[in-house]
Amino acid sequence: MSFPQFAFNNIRRNGRAYVAFFLSSVFMVMIFFAYAVFSYHPYVANMPIGKTTASGMQIASIIVYVFAIFFVMYSISAFLKSRNKEFGILTILGTEPGQIRRLVIMENMLIGSLSIVAGIGGGMLLSKLFLMLTTRFIGMEDLPFYFPTKAILITVGAFLLLFFCISLFTLLFIGNKRALELLKGTSKPKKEPKASWLLSLIGLALLSVGFIALYNDLSGGNILIAAVAGIAGTYFFYSQLSVLAIRLMKRNRKRVWHGTRLLWISEMSYKIKDNARMLFMVTVVIAIASMSAVVILSLDQQNRQVFKDNVFPIRYNVYSALDQPNMAPVNEVLDAAGLDYQEVYLEYLYANTDDMRITVMSLSDFNRFNTMRSKPTYTLADHSGIFIDSRNDDRPLENERFRPHADGDQLVLNTESESLEVNIEHTEKDPVYSDILYSTAVAVINDQEYNELTKSLDKRELSGKYLYQIPSWGQSVPDRESSEALVSDRLKDIDEVIKERSADREFSGYFTTRYTDFEEFRQTTALITFLGIFIGLIFSISSASFLYFRLHTDLEADGRMVHSLSKMGLSFQEMKRSSTIQIAVLFFFPILISIVETLVVVRPFLTQFGIANYTVPVLTVFGAFLLAQTFYFFVIRAKYISSLRKMMV
């Protein structure tokens with residue numbers, strides 16, 4: 001039997017240990033290849049948002065590749081640890097350390113090569129489906145299939161280099177241990193896990209520093225401090241704090257010394273200490289994936305809510321115009337589509353009052369706007385006005401720039417050259433002005449006084465808004481074939497037409513439709529969501545693989561313990577209950593910690609975006625992770641308990 005055949009037979013005989021590693025590696029190669037197929041597609045660069053999407057795919061590929069480095073390194077080190085006894089036997093039989101190293105490299109490269117071939121093969125079979133799903137999900141045109149030569153070469157080169165470099169690095173784990181030490185393998189009795197009070201306090205301090213930095217100010221420096229302190233604190237939490245908590249728990253004999261509770265609590269102190277790095281990696285991976293997903297889903301939820309709250313689906317924002325723009329081109333498109341619509345033009349200026357910048361508009365514009373909205377109209381005497389609180393309750397930062405006024409208050413409006421004192425006759429709250437005029441407060445004065453204020457101003461210092469209300473479009477998000485979507489597409493390039501047909505062609509302004517704004521934001525978030533789904537899948541599958549490797553590594557030692565305990569009377573049901581609790585802690589404890597970390601981190605970020613309600617995104621994300629983790633839990637638990645049952649008397 002040749003040396004390569006010997007390496008191949010080792011893999012075949014250790015199939016149970018290698019299968020999870022092999023399948024996870026295949027999945028990573030396949031996802032990396034799929035992203036590369038899209039990134040280097042010849043038609044992508046010529047499509048709208050094509051370059052952005054391709055860049056996103058390349059970034060996702062890098063993330064997958066970096067994660068693959070840590071995954072492969074951890075997996076190979078776990079295999080080597082479990083095979084110490086095998087290496088000891090080979091040493092006794094005369095195998096030199098160099099030959100063992102050669103065997104390890106050959107096995108790893110063989111697994112790696114098979115993973116690359118299977119991953120690219122699976123990727124080729126699914127590439128057409130992946131291209132179709134990507135374009136449909138993001139909202140791009142369908143891409144034709146092509147033979148991805150460049151993607152294949154990049155994938156093969158990248159992962160061959162990865163497996164080879166990791167194989168060389170892991171040779172450090174083998175060292176030059178003596179045969180007796182290798183033969184003992186994992187059968188050496190473990191020392192009782194110990195935790196340092198000092199390191200535990202450092203862990204608590206790091207978590208506290210991360211929390212304070214995050215909730216103090218979301219500057220770049222504070223975010224970096226929070227990330228470093230939070231990740232380091234999480235590691236100390238698993239390696240020190242959790243072990244210390246279990247040791248303190250074991251002191252309460254009344255609670256611990258009861259049934260199988262003593263067995264699984266004692267074992268958990270060893271398992272958490274031994275698997276601290278693995279639990280730490282799983283927690284960080286799930287937390288990062290969850291944070292990203294919650295933020296993206298929350299932004300998408302907010303985007304949909306903004307669409308539904310927008311009662312003016314077409315707007316033209318005018319800045320510094322001598323004359324009103326000619327909106328006939330827009331009206332012609334709407335008439336051609338057979339739509340019933342109403343339009344209104346609002347002119348306004350900005351004034352200062354009580355250290356607050358306030359928007360000022362005329363009574364006639366205000367009444368026309370109210371008539372369109374079926375709201376009451378008003379009349380105003382000289383030196384009297386209406387004060388509108390237009391703050392949006394979902395944007396708490398707006399409160400910092402606002403001073404409330406009540407009926408009977410005096411309001412002094414100051415422009416660069418004029419000043420007007422107004423007695424407030426009526427106040428109301430109407431957040432719609434925050435959306436259309438980007439203002440937290442609006443003052444309405446009669447037309448004569450408004451004209452007096454604007455006399456000394458250059459007409460180009462005034463701003464205006466054309467607002468269109470189209471009842472038939474409603475407030476629900478439409479599909480791509482709806483009237484709103486089709487008309488919005490026709491109006492995309494209407495800006496230049498408006499300028500050409502207006503008397504004043506030098507004005508500045510821009511045209512928007514709510515559907516176009518919604519769709520552009522949706523495409524951006526859809527791209528990130530799509531990339532995140534596949535990266536999240538890798539994280540989820542790999543975290544389950546990590547746990548499987550550790551359980552498989554500890555199976556021999558656990559089997560000896562169960563065999564001894566079964567001689568003393570441990571029943572199968574007791575063993576099953578104890579093992580189930582231990583596996584459940586390993587599987588779901590990182591999920592619980594990642595949920596806490598995600599909720600702590602995303603709150604200040606979402607507050608910056610004015611998002612107060614993110615319950616649905618949080619439940620969606622963690623529901624998906626819990627569902628996946630529960631599936632892995634039952635599969636791996638069944639295999640683990642089945643293996644232990646064979647070792648009982």
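Here are the numbers:
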read-out	value
Selection from 350, 369, 333 lying farthest towards where the dipole of segment 308-377 points positive, charges on Cβ	369
For 359, 377, 615, order by how many other beta-carbon atoms lie within 10 Å, fewest first	615, 377, 359
Positive minus negative residues near residue 465 (Lys, Arg vs Asp, Glu; Cβ under 13 Å)	-2
Farthest positive-ward along segment 556-606 dipole, Cα basis, beta-carbon charges - from 590, 602, 561	561
Of 375/455; 128/308; 273/639, pairs whose Cα-Cα distance is over 28 Å	375/455; 128/308
Fewest-first ranking of 430, 493, using other Cβ atoms within 10 Å as the exposure measure	493, 430
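We did not get these values from a lab; they are worked out from the coordinates using the rules stated. The model shown is predicted, which means the values in this text are computed figures rather than measured ones. As a convention, Cβ positions derive from the backbone with ideal geometry for all residues, glycine included, and neighbour counts pool all protein chains shown.
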